[in-house]
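**Student:** The structure's right below; bear with me while I get my questions together.
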Amino acid sequence: SYVLAWKRGIAVLTAGPVKVTPDPRVSLLPSPPGTPSLGGIPGFTGGSYSLELKNVKPQDAGDYICQIGTMEPREITHTLEILVPPRIHYVSHNGPLDVLQGSTVKMECRASGNPVPTIAWTRKNNVLPSGERSVSGLSLVIQHADRHSAGQYQCSADNGVGQPDTKHITLNVLYPPEVDPERTTVHTGIGLEAQLVCIVHAEPSPTVLWFKDTAQLGTTEQHASHARGNRYTLVIRNVTGADFGNYSCVASNTHGKNRAHVSLTGTAGLAVFDSPSIGLEKDSYNVSWSVNSHAAILEYRLLFRQQSRHRRIHHSQDNGNNNNNNNNQNGSSVLFYKNDWNNVMLPGAGILSPQYPAPPPFPGVTRQRMNYIVRNLQPGTTYEVRVQARNEHGWNKLSPIFHFTTKSNEIENMVEPSAQPAVYGSSQQGIFPFSSSTAKLLISSSYDLFLYLLSELASNKKLAKAATATYVEWCGVKQMELEKHSQEMEDLSN
């Protein structure tokens, strides 16, 4: 008879039914009842020829040989591969990692397992400083670390066997305070409460002090300071005229000091324009605006001018002369058109006058409105407007420039002669032939819409003419309906 043996390398594990290796994890499995002898090997009566290995370990991986001792040995080689879940066995930083702002940071993470695991880096609740969600590699490098680089970084090892293994590194970037005012100017009123806010970022946490001019402010019945997160607030209760002025918040930590400035004022806020940018008249425009002020506005300064025009040809240089000139240096040309501001002073509602309504109660009402009709303008021309307002605390800052454009002559020229000349005929009553204010009211809103549509259709004269014909027809019908009523109203007015 022949003997079946199991070997690993040169080591014999079993010979026939006898286990040779002392390893208790190795055993021979008995053949099921009725199992025939190995085919093709006469006289083989080995019986058990399956090898079992329990509680395998990574070092058990390798080749196992099943061999039959014949004149020409026959054998089968089995290769055993052990799959091992990933395990991170090295992290460059076990505790919090503190670095100075501007430093280069290198974090490393190594893992074992079979197959060899891959390492991926992420940041908790954020993307990486590079903007990527994750990167692969044994290390993560951050150049020029700043406060935006701080956070909890995670290295994760995964090879598809079992669950990934993860480790965390908390990066703290140390830097001096960075201070920004929430608003550089705070507008308030006498008797109100004002809040001045600075946004401060620093690591480690800063100490923040408030100053008015050069005097440090403490906690009093009128002044109080508090912090919530990165938001540091100075509260001034029952504001008086003496509280207006310049304030500063000064933040410091072990790495430096920084400050920001806030102005507390009783002047009005910047004017906000609310009139349309396209005018309804060729030679005038009704500009309207509003300002926030906790005190009555005493007067307004309105500045307007035709929009400055210049035409630039090729590359050019301004020689500093604002007068009309043609600069031909280096083959370039610039045409300048000088236009000075027109200055109009207007009384505000805070001035008691029979012509103006009584000023609203202050400081309860803060939004104050005003309008002014600018006359003697050019048709189809763009103008610039700025407004300044004065209350009892002084002038506010000039508003940003607002642009408006007067109605163009081209729009009127597109209107064909009407079958109802009374609608468009010139008279002391202007565009409306009816003396009745009721008739004017009924048609005026449609006329405004009509002018707007014409301005939108200026580039398409065919459509503009069609719109004009429709409007003329509508006005003719309304004229017939209102003629009797108009005459009655005219008689009453006379």
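The values are calculated or read from the model by the stated rules, or taken from the named source; none is laboratory data. These numbers were taken from a predicted model, which means no experiment stands behind them. In this analysis, Cβ positions are derived from the backbone assuming ideal geometry, glycine residues included, and neighbour counts consider all displayed protein chains. Calculation scope for accessible area: heavy atoms of the full protein, side chains included, ligands and nucleic acids excluded. Shrake-Rupley method; radii C 1.70, N 1.55, O 1.52, S 1.80 Å.
**Student:** Among (1) modelled with pLDDT of 90 or more; (2) in a strand (DSSP E or B); (3) touching a Leu at 6+ places or on another chain (Cβ under 6 Å), where does LEU13 come up short?
**Tutor:** (3)
**Student:** Mind checking whether some residue in the range 52-59 is surrounded by 11 or more Cβ atoms within 10 Å (Cβ to Cβ) and at pLDDT 90 or above?
**Tutor:** Within the range 52-59, one or more residues are surrounded by 11 or more Cβ atoms within 10 Å (Cβ to Cβ) and at pLDDT 90 or above.
**Student:** Next question, about the same structure. Please determine, by comparing only the residues of the range 225-244 that are open to solvent by less than 20 Å² (accessible area, probe 1.4 Å) and assigned to a strand (DSSP E or B), which one is nearest to GLY191 (Cα to Cα). Lay out the reasoning, then the answer.
**Tutor:** As a first pass, look at the range 225-244 and keep what is open to solvent by less than 20 Å² (accessible area, probe 1.4 Å): 233-236, 239, 243.
Of the ones still in play, those that are also assigned to a strand (DSSP E or B) are 233-236.
On the way: THR233: 19, LEU234: 16, VAL235: 13, ILE236: 10 Å.
By that ranking, first place goes to ILE236.
The rows are residues; the columns are (1) over 32 Å from the mean Cα position of the chain (by Cα); (2) within 28 Å of PRO117 (Cβ to Cβ); (3) among the β-branched types (Val, Ile, Thr).
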{"site": "GLN163", "(1), (2), (3)": "yes, yes, no"}
{"site": "PRO177", "(1), (2), (3)": "no, no, no"}
{"site": "PRO206", "(1), (2), (3)": "no, no, no"}
{"site": "TRP210", "(1), (2), (3)": "no, no, no"}
{"site": "LEU217", "(1), (2), (3)": "yes, no, no"}
{"site": "ASN230", "(1), (2), (3)": "no, no, no"}
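**Student:** Let me ask something else. With SER136, SER156 as the choices, which residue is open to solvent by less than 60 Å² (accessible area, probe 1.4 Å), free of Cβ contacts under 8 Å to residues at least 60 places away in the same chain and over 30 Å from GLY245 (Cα atoms)?
**Tutor:** SER156
**Student:** Does GLU178 fit the bill of being surrounded by 14 or more Cβ atoms within 10 Å (Cβ to Cβ) and over 21 Å from VAL235 (Cα atoms)?
**Tutor:** Judged against the criteria, GLU178 is a match.
**Student:** Checking the conditions here, which among GLY102, GLY113, GLY62, GLY69 is in contact with a Ser or Thr (Cβ under 9 Å, 6 or more places away or on another chain) and not hydroxyl-bearing (Ser, Thr, Tyr)?
**Tutor:** Being in contact with a Ser or Thr (Cβ under 9 Å, 6 or more places away or on another chain) and not hydroxyl-bearing (Ser, Thr, Tyr) holds for just one of GLY102, GLY113, GLY62, GLY69, which is GLY62.
**Student:** I've got another one for you. Test of understanding: among SER308, SER277, SER353, SER316, which residue is crowded, with 17+ Cβ neighbours inside 10 Å and either modelled with pLDDT under 90 or over 27 Å from GLY245 (Cα atoms) (or both)?
**Tutor:** Only one candidate qualifies: SER316.
**Student:** Taking the residues in the range 280-305 that are part of a strand (DSSP E or B), open to solvent by less than 70 Å² (accessible area, probe 1.4 Å) and among the polar types (S, T, N, Q) as candidates, determine which candidate is farthest from ARG183 (Cα to Cα).
**Tutor:** Filtering the range 280-305 down to residues part of a strand (DSSP E or B) leaves 285-292, 299-305.
Narrowing the set further to residues that are open to solvent by less than 70 Å² (accessible area, probe 1.4 Å) leaves 285, 287-292, 299-305.
Keeping just the survivors that are among the polar types (S, T, N, Q) gives 288, 290, 292.
Numbers: SER288: 26, SER290: 20, ASN292: 15 Å.
Filtering first and then ranking leaves SER288.
**Student:** Considering only the range 62-75, state which residues are of a type in the set (A, V, I, L, M), touching a residue at least 40 places away in the same chain (Cβ under 8 Å) and over 17 Å from ILE10 (Cβ atoms).
**Tutor:** ILE68
**Student:** Among the residues of the range 60-95, which ones are basic (Lys, Arg) and either closer than 28 Å to VAL161 by Cα or open to solvent by less than 60 Å² (accessible area, probe 1.4 Å) (or both)?
**Tutor:** Listed by number, the list holds a single entry, ARG87.
**Student:** Right, here's the next one. Test ARG87 against the stated conditions and say whether it is modelled with pLDDT of 90 or more and either within 30 Å of GLU203 (Cα to Cα) or touching a Lys or Arg at 6+ places or on another chain (Cβ under 8 Å) (or both).
**Tutor:** Against the criterion (modelled with pLDDT of 90 or more and either within 30 Å of GLU203 (Cα to Cα) or touching a Lys or Arg at 6+ places or on another chain (Cβ under 8 Å) (or both)), ARG87 does not qualify.
**Student:** Right, here's the next one. Give LEU192, LEU196, LEU171 a once-over and let me know the one that is open to solvent by less than 40 Å² (accessible area, probe 1.4 Å) and over 27 Å from GLY95 (Cα atoms). Full working, then the answer.
**Tutor:** Details: LEU192 fails: open to solvent by less than 40 Å² (accessible area, probe 1.4 Å); LEU171 fails: over 27 Å from GLY95 (Cα atoms).
Going through LEU192, LEU196, LEU171 in turn, just one is open to solvent by less than 40 Å² (accessible area, probe 1.4 Å) and over 27 Å from GLY95 (Cα atoms): LEU196.
**Student:** For the range 115-132, check the following and say yes or no: at least one residue is open to solvent by 80 Å² or more (accessible area, probe 1.4 Å) and assigned to a helix (DSSP H, G or I).
**Tutor:** No: the range 115-132 contains no residue that is open to solvent by 80 Å² or more (accessible area, probe 1.4 Å) and assigned to a helix (DSSP H, G or I).
**Student:** On to the next question. Report, by residue number, each residue of the range 245-274 that is open to solvent by 40 Å² or more (accessible area, probe 1.4 Å) and either assigned to a loop (DSSP other than H, G, I, E, B) or among the basic types (Lys, Arg) (or both).
**Tutor:** Answer for the range 245-274, where residues must be open to solvent by 40 Å² or more (accessible area, probe 1.4 Å) and either assigned to a loop (DSSP other than H, G, I, E, B) or among the basic types (Lys, Arg) (or both): THR254, HIS255, LYS257, ARG259, LEU270, ASP274.
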